[in-house]
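Below: the structure, in structure tokens.
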Amino acid sequence: MKLRLKTFAAAFVAASLFASGGVLAQETIKVGMMSPNTGPFAVIGEDVRNGFQLYVDEIGGMAAGSKFEVIFEDTQAKPDVGLTKIKKLVESDKVNFVGGIVSSSVAYALRDYMVEKNVPLVVSVASADGLTQQLAAPNIFRTNSSGSQASHPFGKWLFEQGYKRVVMIAPGYAMGFEQTGGIARTFTEAGGEVIQSLYPPLGTADYAPFLTSLKIDEADAVVAVFAGSEAIKFVKQFEEYGLKGTIPLVGTSLLTDDLILGQQGDSALGIVTASHYSSALDTPGNAAFVKAYREKYDRSPTLYSEGSYVTAKAIHMAIEALGGDLSDPAKVNEALAAVSFDSPRGAFKFDGYNSPVHDIYAFEVKRKDGELVNEPIARFEAISQFYTWSPEDYMAMKPYRDIANDWAK
């Protein structure tokens, strides 16, 4: 009897080994997904969860022969809540990866803890530049554009389209500073001039005082960077105060992203923005992605859901590349850093600081088949967070938050 038991045990162990590395198979691979389910960013959080779940469903909830389990947690877009939840995921749930994260403040709050634990964090939305620049770490990744990544080629392009003088308006915090700063840097380097910059406080209830003080008689365009409910309000008030049709309104994708276009209505028509994704992109992978997303969720995907879908694919590809052996954290980080694939936005890969290199597009809001869409009108190929600068030269520059008031001379 003892011999038989030993033989059975040996056979069981042998069957549980990966042929490649002789490591015991991990029955379940766990991924923690952090997104706001409540609070002002809850609607974005829903898109983050949807995009990730869509990819998990496509692979049948399996990765390298193991169950691919997703544990969702609500950050409420609050740094302290996010830190509590991520500690629960890492220490109690024993997750192998963490994805998601919408708020840059939450991302910064989690960064040191995740570096200490050396668990891969793949950020789907938060765009804070420093996360993959001065604060870069081998286990910190981002699938969304960094704060100024889309802005750099866009600023130069605006000048080439004939805009020589602009006014800028954005909320007075990191996102607004980084996204307008990227436009201002390349626009002025090309020969353009910023004649005015305004930074209303986050949560401004009424933009009338700012709209009426814009120096539109001296400018060729208004550059605006707002997100969510503030973007809806600003775009509508821009028309209400008679500025639509008087001067072009341009910005970055958050101003008219696919999630809020329907609420902005015709007020958004004609606005030109820059980003790496819209549901109207004509890439080999986007048509299938949009079709699957609409069938499952009865609405079009956004840059938030696409970013989360790409996060899930990057994690899955790393797991497959390792044959499911996640025992060596360094090898897991290396496998993630090395992923390269066609995504809905187009070709995707990470740079040396674990932020994506991908195409950036200029979009114009148009109506097609009765629906408002961000239609691509220009493409800038293989843009990294450092644009044309070396990483060392770029990171030696002053952060955009420190020079936000220096653009207008």
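The values are calculated or read from the model by the stated rules, or taken from the named source; none is laboratory data. In this text, all values refer to a predicted model and were calculated from it rather than measured experimentally. Every residue, glycine among them, receives a Cβ derived from its backbone with ideal geometry; neighbour counts consider all protein chains shown. Calculation scope for accessible area: heavy atoms of the full protein, side chains included, ligands and nucleic acids excluded. Shrake-Rupley method; radii C 1.70, N 1.55, O 1.52, S 1.80 Å.
How many residues does the stretch 163-187 hold that are at pLDDT below 95 and open to solvent by 50 Å² or more (accessible area, probe 1.4 Å)?
Residues in the stretch 163-187 being at pLDDT below 95 and open to solvent by 50 Å² or more (accessible area, probe 1.4 Å): 1 in total.
Any residue at all in the stretch 204-215 that's surrounded by fewer than 19 Cβ atoms within 10 Å (Cβ to Cβ), of a type outside the set (D, E, K, R) and modelled with pLDDT under 95?
Looking through the stretch 204-215, at least one residue is surrounded by fewer than 19 Cβ atoms within 10 Å (Cβ to Cβ), of a type outside the set (D, E, K, R) and modelled with pLDDT under 95.
Considering only residues that are open to solvent by 10 Å² or more (accessible area, probe 1.4 Å), in contact with a Phe, Trp or Tyr (Cβ under 8 Å, 6 or more places away or on another chain), within 23 Å of residue 209 (Cα to Cα) and of a type in the set (A, V, I, L, M, F, W, C), which ones fall in the stretch 228-273?
249, 254
Could you check the stretch 390-409 and list, in sequence order, the residues that are part of a loop (DSSP other than H, G, I, E, B), surrounded by fewer than 10 Cβ atoms within 10 Å (Cβ to Cβ) and not basic (Lys, Arg)?
Matches in the stretch 390-409: 390 only.
Between a residue in the stretch 163-192 that is assigned to a helix (DSSP H, G or I) and any residue that is surrounded by 18 or more Cβ atoms within 10 Å (Cβ to Cβ) and β-branched (Val, Ile, Thr), which pairs come within a Cβ distance under 6 Å, given they are 6 or more apart or on different chains?
Hits for this filter: 176/225; 179/225; 179/252; 180/225; 183/223; 184/194.
Look at the stretch 266-309 and say how many of its residues are in contact (Cβ under 8 Å) with a residue 60 or more places away in the chain, among the aliphatic types (A, V, I, L, M) and under 22 Å from residue 381 (Cβ atoms).
Going through the stretch 266-309 one residue at a time, the tally reaches 5.
Only one of (1) over 30 Å from residue 191 (Cα atoms); (2) under 16 Å from the mean Cα position of the chain (by Cα); (3) buried (at least 19 other Cβ atoms within 10 Å of the Cβ); (4) not aliphatic (A, V, I, L, M) fails for residue 349. Which number is that?
Checking residue 349 against (1) over 30 Å from residue 191 (Cα atoms); (2) under 16 Å from the mean Cα position of the chain (by Cα); (3) buried (at least 19 other Cβ atoms within 10 Å of the Cβ); (4) not aliphatic (A, V, I, L, M), the one that fails is (3).
Can you tell me which residue in the stretch 14-45 is modelled with the lowest pLDDT, limited to those that are open to solvent by 70 Å² or more (accessible area, probe 1.4 Å) and in a helix (DSSP H, G or I)?
15
Taking the criterion of being over 30 Å from residue 346 (Cβ atoms) and at pLDDT 95 or above, would at least one residue in the stretch 117-128 satisfy it?
yes
Exactly one of these conditions fails for residue 200: (1) more than 29 Å from residue 301 (Cα to Cα); (2) without any contact (Cβ under 8 Å) to a residue 40 or more places away in the chain; (3) more than 27 Å from the chain's Cα centre (by Cα). Give me its number.
(3)
List the number of the failed condition for residue 192; all other conditions in (1) farther than 18 Å from residue 240 by Cβ; (2) open to solvent by 50 Å² or more (accessible area, probe 1.4 Å) hold.
The number of the failed condition is (2).
Which one of these is of a type in the set (Val, Ile, Thr) and touching a Phe, Trp or Tyr at 6+ places or on another chain (Cβ under 7 Å): 132, 75, 143?
After applying the criteria, what remains is 132.
Residues 134, 149, 76: which one is open to solvent by 50 Å² or more (accessible area, probe 1.4 Å), polar (S, T, N, Q) and within 30 Å of residue 192 (Cβ to Cβ)?
The conditions single out 134.
Can you tell me how many residues in the stretch 193-212 are in contact with a helix residue (DSSP H, G or I) (Cβ under 7 Å, 6 or more places away or on another chain) and assigned to a strand (DSSP E or B)?
The number of residues fulfilling the criteria is 4.
Given the criteria touching a Ser or Thr at 6+ places or on another chain (Cβ under 9 Å), touching a residue at least 12 places away in the same chain (Cβ under 8 Å) and farther than 17 Å from residue 151 by Cβ, does residue 384 qualify?
Taking the combined requirement at face value, the residue does not satisfy it.
Which members of the stretch 376-389 meet the condition of being open to solvent by 40 Å² or more (accessible area, probe 1.4 Å) and either among the small types (Gly, Ala, Ser) or part of a loop (DSSP other than H, G, I, E, B) (or both)?
Answer for the stretch 376-389, where residues must be open to solvent by 40 Å² or more (accessible area, probe 1.4 Å) and either among the small types (Gly, Ala, Ser) or part of a loop (DSSP other than H, G, I, E, B) (or both): 382, 387, 388, 389.
Filter the stretch 274-307 down to the residues that are open to solvent by less than 20 Å² (accessible area, probe 1.4 Å) and among the aliphatic types (A, V, I, L, M), then identify the one that is nearest to residue 100 (Cα to Cα).
The residue in question is 303.
Does residue 113 satisfy the condition of being of a type in the set (Phe, Trp, Tyr) and either under 15 Å from residue 304 (Cβ atoms) or in contact with a strand residue (DSSP E or B) (Cβ under 7 Å, 6 or more places away or on another chain) (or both)?
In short, no.
May I ask you to list the residues in the stretch 216-227 that are closer than 19 Å to residue 176 by Cα and either outside any loop (DSSP other than H, G, I, E, B) or open to solvent by 70 Å² or more (accessible area, probe 1.4 Å) (or both)?
Selection gives 221, 222, 223, 224.
Kindly evaluate residue 190 against the criterion of being touching a Lys or Arg at 6+ places or on another chain (Cβ under 7 Å), over 22 Å from residue 277 (Cα atoms) and at pLDDT 95 or above.
Yes: the conditions hold for residue 190.
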